[in-house]
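Working notes, structure below.
Values in this text are rule-based calculations from the coordinates and carry no lab data. From a predicted model like this one, the values you see are computed outputs, not experimental measurements. Neighbour counts are summed over all protein chains in view; Cβ atoms, including those assigned to glycine, are modelled from backbone coordinates with ideal geometry.
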């Protein structure tokens, strides 16, 4: 078995929401990482307005559920 994890993009979220979702992913034991654009990139590109979260592809359905629950609550 490989220690490598394949990831898929969960979505792009406002920074505060991304932080809250990441806490729930961590608590659920879901491997995740994030990519945040710098101030300049956010200024010149409307597409990079928040933090993108990536999660283990094997647990994407669970991660989506956690993200939805986090944003609803």
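Worth pointing out:
- Rounded FRET efficiency, nearest 0.05, which uses the C-beta distance separating residue 20 from residue 58 and R0 of 22 Å: 0.45
- Ranked by how many other beta carbons lie within 10 Å on average, peptides 24-35, 51-62 from highest: 51-62, 24-35
- 12 Å reach of a label modelled at residue 5, 7 Å along Cα-to-Cβ, counting backbone N of segment 48-73: 54-60, 63
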